[in-house]
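Structure record follows, encoded as structure tokens.
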Amino acid sequence: MHNLEIYKLHRNQPTTIKKLIRHGSQFLYDHKIYNAKKEIEWFLLDILKCNTINLYDVKINKSDYETAIDFLLCRAKQTPFQYILGKSSFYGRDFMVDKNVLIPRPETEILIDIIKQKKYNNTLDIGTGCGCIAITASIEKITKNVDCVDVSNAALKIAKKNARILGVSNAQFFNCNILEEIPNKKYDLVISNPPYISKSEYTGLNDEVKNFEPDIALTDFNDGMNFYKRYAQILKEILVDNGIAVFEVSHFFKKSELLEIFKSFPKIEFFNDLNNDCRAIKITKNKI
């Protein structure tokens, strides 16, 4: 443990920010955290409430020093940075997160980019997690009302807190197992970032993801297609005429597989993320 034991034994004698970052970075790097310096700086900026310009000039007190040491010890065990911080950024805003919800990914922001091209009256967010997609859609004035459903009550609790913190009042939250239940309402927009990692792919995920993030938000414990097949079954019942559905998809999926699943829908579009990987599918229900 690169000098960390020395820090632990001298908690009453805080070091300088510069030394804390230097030795802490090496400690985390030794534990395979390769973005260590940046992470420590981000963490310190948050707890010290300062900016990057004066970070190295700040004198750290005992309480903040101990908090920083606890961060290093926790992060060295591969606990995700966002869970330690208690928040994660999505579309330029911070959302509260904990072990009960998936950590928002930048790739998922493509869903907002797709749906913001028009306005919607009623939106359904399936598997809302921390609520980042639904709440963002509300704040960006993409939708007038949004229903957020999730099978996890713990996740819904976090989503409700995020809605309250971010001042969103037009979001409703419901416990729903979409694989077994169907909402008794129609929507002009359905959005979802479902668990699409296959069982075989899940076993190969790095420990930081596999050991900490909720498995039910990551994998369907099958081939990754369970939720899309279910959506194909129920979309015509829950979408209004000319309504659309936008789902995040795995870049490992073959477009032909998704086209087969949604073959009863005449209009299907695919969208690539910033890495030019296929990341989303848009399905339109035409008027019968």
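The values are calculated or read from the model by the stated rules, or taken from the named source; none is laboratory data. Remember, predicted model here, so these are calculated numbers, not experimental data. Ideal geometry is used to build each Cβ from the backbone, glycine not excepted, and the neighbour counts take in all protein chains shown. Keep in mind that these areas ignore ligands, DNA and RNA; they rest on the heavy atoms of the full protein, side chains included. Shrake-Rupley method; radii C 1.70, N 1.55, O 1.52, S 1.80 Å.
Please go through the residue pairs K119/K144; K119/K186; K116/K185 and name each one whose alpha carbons sit more than 19 Å apart in this structure.
Those over the limit are K116/K185.
Hey, which aspartates and glutamates would be in cross-link range of K77, C-alpha to C-alpha under 15 Å, not counting anything within fewer than 8 residues on its own chain?
Counting by Cα, and skipping residues close in sequence, K77 has these aspartates and glutamates nearby: D30, E39, D207, E208, E213.
At a Cα cut-off below 13 Å, give the aspartates and glutamates reachable from K141, other chains included and same-chain residues fewer than 8 away excluded.
D113
Would you list, by chain and number, the aspartates and glutamates whose Cα falls below 18 Å from the Cα of K210, excluding same-chain residues fewer than 8 positions away?
By straight Cα distance, K210 reaches D98, E201, D220, D223.
Quick one: of the DSSP bridges fully inside the chain, what percent are antiparallel, nearest 5?
Values: 15 of 36 bridges.
Approximately 40 percent, going by the DSSP bridge assignments.
Which of the three applies to segment 174-241, rounded, prolate or oblate, going by the alpha-carbon gyration tensor with a ≥ b ≥ c and a/c under 1.5 meaning rounded?
Details: a/c = 2.92, a/b = 2.30, b/c = 1.27.
Prolate is the answer for segment 174-241, as a/c is 1.5 or above and a/b outweighs b/c.
Cut-off 15 Å, label point 7 angstrom out along Cα-to-Cβ of I165: give me the residues of segment 19-52 whose amide nitrogen falls inside.
46-47
Take N153 and K199, extend 7 Å from each Cα along the Cα→Cβ direction, and tell me the distance between the two endpoints in nm.
Modelled inter-label distance: 2.9 nm.
Full-extension gain between T284 and F271, please, as 0.36 nm times their residue separation minus the C-alpha to C-alpha distance. Mind showing how you got there, number by number?
On the way: separation 13, 0.36 × 13 = 4.68 nm, distance 1.42 nm.
Extra length available between T284 and F271 comes to 3.3 nm.
Please give the contour-minus-distance gain from F174 to S264: 0.36 nm per residue of separation, less the Cα-Cα distance, rounded to one decimal in nm. Each step should come with its number before you reach the end.
Numbers: separation 90, 0.36 × 90 = 32.40 nm, distance 2.86 nm.
Gain on stretching F174 to S264: 29.5 nm.
Not counting ligands, DNA or RNA, and with a 1.4 Å probe, what is V146's accessible surface area in Å² rounded to the nearest 10?
About 0 Å², ignoring ligands and nucleic acids.
Could you work out the mean projected area of the convex hull around the alpha carbons of segment 91-134, in square nanometres to one decimal? Each step should come with its number before you reach the end.
On the way: hull surface 14.0 nm².
Mean shadow area of the hull around the Cα atoms is 3.5 nm².
Computed from these coordinates, which is Cα extents along the principal axes in Å: [x] 73, 40, 33; [y] 69, 52, 34; [z] 51, 47, 32?
[x]
Could you tell me which of rounded, prolate or oblate describes segment 145-288, using a ≥ b ≥ c as the square roots of the eigenvalues of the alpha-carbon gyration tensor, with rounded for a/c under 1.5 and, failing that, prolate when a/b is larger than b/c and oblate otherwise? Don't skip to the answer; put the middle values down first.
Working: a/c = 1.64, a/b = 1.03, b/c = 1.60.
Taking the square roots of the gyration eigenvalues as a ≥ b ≥ c, segment 145-288 is oblate.
Roughly speaking, what is the stretch gain from C50 to K32, that is 0.36 nm per residue apart minus the C-alpha to C-alpha distance, in nm to one decimal? Working shown, then result.
Numbers: separation 18, 0.36 × 18 = 6.48 nm, distance 2.75 nm.
Length gained between C50 and K32: 3.7 nm.
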